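All remarks here apply to the structure that follows.
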Amino acid sequence: MDNPMPLEERQLTGAGSGVPVIAPGHTFGSVTDKISAIVLTRRTPIGWYLGFMTAAALTGLLLVSLSYLVVEGIGIWGNNIPVAWAFDITNFVWWIGIGHAGTLISAILLLLRQTWRTSINRFAEAMTLCAVACAGIFPLFHTGRPWLAYWLLPYPNTMGIWPQFRSPLVWDVFAVSTYATVSLLFWFVGLVPDLATLRDRSQSRTGRIIYGALALGWRGSAMHWHRYETAYLLLAGIATPLVVSVHTVVSFDFAVAIVPGWHTTIFPPYFVAGAIYSGFAMVLTLSIPIRAIYGLQDFITLRHLENMAKVMLVTGLIVAYGYTVEAFIAWYGGNAYEGFMIWNRITGPYAPAYWALLLCNVIIPQILWFKSVRTNVIVLFVLSLVVNVGMWLERFIIIVTSLHRDFLPSSWGMYQPTFWDWSTYLGTIGLFLMLLFLFVRFLPLISIFEMRTLLPEAKGEQ
Amino acid sequence: MHSPDVYGLMAEFADPNELVAAAHRAHHEGYRRMDAYSPLPIEELHEAIGFHNTRLPLIVLIGGIVGGLAGYLLQWWASAVAYPLNVGGKPFHSWPAFIPVTFECTILGAALSAVFGMLALNGLPQPYHPVFNVPRFTLASRSGFFLCIEARDGKFDLSRTRAFLETLGATEVTTVAD
């Protein structure tokens, strides 16, 4: 850092936006106590129990759905030729996309020195991990024989065969598993100093043992901090190209195929922007209730919500550009199948979903141009739900409408989701929320040590 | 020089600036075997105690290169040597198709070496360390700032070092049992 002071001061006083990233009057001790108390001393709110139980019930539905699938086969889903990919891959892409905001906030905003990211990065990273876990379930169970999923990995075997490395689906295995591993490492490394805080502040023996083991004996040594910060910065630098590559590779799953509606070069950037769009929507969906329930308005301020709304506005416009180019090229390219594909999206049997997608992702989010909307917590919460739905519809439209009209009319078909399609999808939402409820209860949901660095005390101004 | 059951002397300071100033003075005084402890990373502190560079970036670079090479060689060997399969007339060694996996393996190698390299250089996990014997050291993860001069330092002398630390403005100086 050459000259961080003016920047820090501007952010702390909130000059330029009117709202600070951390409320005035906090000290090292008060920040530590307030965040660690959520885990260690405060009574767990009744809302936590209700939410956790609801999420656990939905997770139970997921277990039933997956067990039935293993017994009966993937025929219980509505997928059939020509629509061999449907809810499963839609949900996979949706979940992976949601995860991207976590890495963007923790890595890219760190490199860009956006210190406002500090109070939301831990939470967003946890969201990434939970989302990737939910995403992984879909391709795994879509194989139909999940116990043979290790066949996807390259390992010497008695069958004498190897994965087909020219296939985007194999690239995807590497991209998603690397993404899951690096996200986990990044999250855990960020947690280590805070786990030491919990170890030192826990009143119970069990707490001291568990947090102590996880803190790896962290003692805040200056030499350790130096290597730690070096490692953290390097990880951020590594995670930045990774997060861009993951959704690029996911888009290759489609773009490398010759299916009209998939075979287009706009897919990688448009998928990455869409991922960030949906991810920020999900961060808002989760952080708005959490800051209200745990009284964290001092740390997750309106400034954060407004900045996230701005990121959504920008990425939403990039996504809108993607839809426009898709339609334009379908017309301008003069390919009959491509032209039919887009016309079928607009007027065909799935047209209501297409128009709902445009409404949710392009038209309604334009209200974000108004500052009064960006600082209205309730409107932002509702809007974030709308964008979540819109981004799910986008993947559904891309996958199902492109597949259901094959090149020959004799191969045309329709896809209707079954009960088990819906129950598996709802079940993963339950799993996602259940894991997040556990995270909020047992780990500090805001990075305590990074919050300390934002205080005026850290700069020697008492 | 020192009794075997003393690890060192630990001085507590009120804020980060005092800790950095104290570390500078101690280093200037000729003390070399010391460490500072703080609840947040402090930019200039590692230099104040005389610790300059870490080999970590080199380890990460090597990890990334090894990961990338391993990923590429795996694909080449599997696709061109062990299991050559004609896909649409493409060459067996179709390198452009191998780029995405090579890239991901580079990232994986670099990330694993960044995390495990950092932990290894820091000597973590380390469940026991003498500094934890100081009761007030639990504040090192909340709001306390500590400087510990270790007994294995050549200049260390229990009474003189204690007197020196007290001149630095320490709020409290404690003997750390080993």
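Listing for the model above:
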| item | result |
| --- | --- |
| Residue in the range B:92-99 that is more than 7 Å from chain A (Cβ to nearest Cβ) and over 20 Å from A:Ile161 (Cα atoms) present | yes |
| Candidate set from the range A:18-37 (those that are of a type in the set (A, V, I, L, M) and surrounded by fewer than 22 Cβ atoms within 10 Å (Cβ to Cβ)); member that is nearest to the other protein chains (Cβ to nearest Cβ) | A:Ala37 |
| Counted residues, the range B:18-35 - those being of a type in the set (Gly, Ala, Ser) and either more than 13 Å from chain A (Cβ to nearest Cβ) or over 12 Å from B:Leu168 (Cβ atoms) (or both) | 1 |
| Some residue of the range A:142-152 being touching a residue at least 40 places away in the same chain (Cβ under 8 Å), among the basic types (Lys, Arg) and open to solvent by 50 Å² or more (accessible area, probe 1.4 Å) | no |
| Residue in the range A:395-402 that is touching a Lys or Arg at 6+ places or on another chain (Cβ under 8 Å) and open to solvent by less than 10 Å² (accessible area, probe 1.4 Å) present | yes |
| In the range B:14-28, the residues that are in contact with a Ser or Thr (Cβ under 7 Å, 6 or more places away or on another chain) and either open to solvent by 20 Å² or more (accessible area, probe 1.4 Å) or part of a loop (DSSP other than H, G, I, E, B) (or both) | B:Ala14 |
| Contacts under 9 angstrom Cβ, first residue in the range B:94-107 being in a loop (DSSP other than H, G, I, E, B), partner not hydrophobic (A, V, I, L, M, F, W, C), 6 or more apart | B:Ser94/A:Arg166; B:Ser94/B:Ser79 |
| Pairs with Cβ under 9 Å, 6+ apart, first in the range B:4-17 and within 12 Å of chain A (Cβ to nearest Cβ), second among the acidic types (Asp, Glu) and surrounded by fewer than 20 Cβ atoms within 10 Å (Cβ to Cβ) | B:Met10/B:Glu172 |
| Unmet criterion (only one of (1) in the same structural domain as B:Leu165 (by TED's automatic domain parsing); (2) assigned to a helix (DSSP H, G or I); (3) out of contact with any helix residue (DSSP H, G or I) (no Cβ under 6 Å at 6 or more places or on another chain)) for B:His46 | (3) |
| Residues of the range A:176-200 classified as crowded, with 22+ Cβ neighbours inside 10 Å, within 7 Å of chain B (Cβ to nearest Cβ) and either among the hydrophobic types (A, V, I, L, M, F, W, C) or in contact with a Lys or Arg (Cβ under 8 Å, 6 or more places away or on another chain) (or both), total | 4 |
| Test: A:Leu242 is more than 7 Å from every other protein chain (Cβ to nearest Cβ), among the aliphatic types (A, V, I, L, M) and either open to solvent by less than 20 Å² (accessible area, probe 1.4 Å) or assigned to a helix (DSSP H, G or I) (or both) | no |
| Meets criteria (under 30 Å from A:Leu66 (Cα atoms) and of a type in the set (S, T, N, Q)) for A:Ser423 | yes |
| Meets criteria (more than 7 Å from chain B (Cβ to nearest Cβ) and open to solvent by less than 10 Å² (accessible area, probe 1.4 Å)) for A:Ala222 | no |
| Subset of the range A:404-424 (residues that are surrounded by fewer than 23 Cβ atoms within 10 Å (Cβ to Cβ) and part of a helix (DSSP H, G or I)) | A:His404, A:Pro409, A:Ser410, A:Ser411, A:Phe419, A:Trp420, A:Asp421, A:Trp422, A:Ser423 |
| Filtered residue count, the range B:79-91, keeping only those that are at the interface with another protein chain (Cβ under 9 Å from one of its Cβ atoms), within 17 Å of A:Pro156 (Cβ to Cβ) and in a loop (DSSP other than H, G, I, E, B) | 2 |
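The values are calculated or read from the model by the stated rules, or taken from the named source; none is laboratory data. Given the structure is predicted, the values throughout are model-derived calculations rather than measurements. When we count neighbours, we look across all protein chains shown, and the Cβ atoms used for this are built from the backbone with ideal geometry, even at glycine. The accessibility values were calculated without ligands, DNA or RNA, using every heavy atom of the protein model including side chains. Shrake-Rupley method; radii C 1.70, N 1.55, O 1.52, S 1.80 Å.
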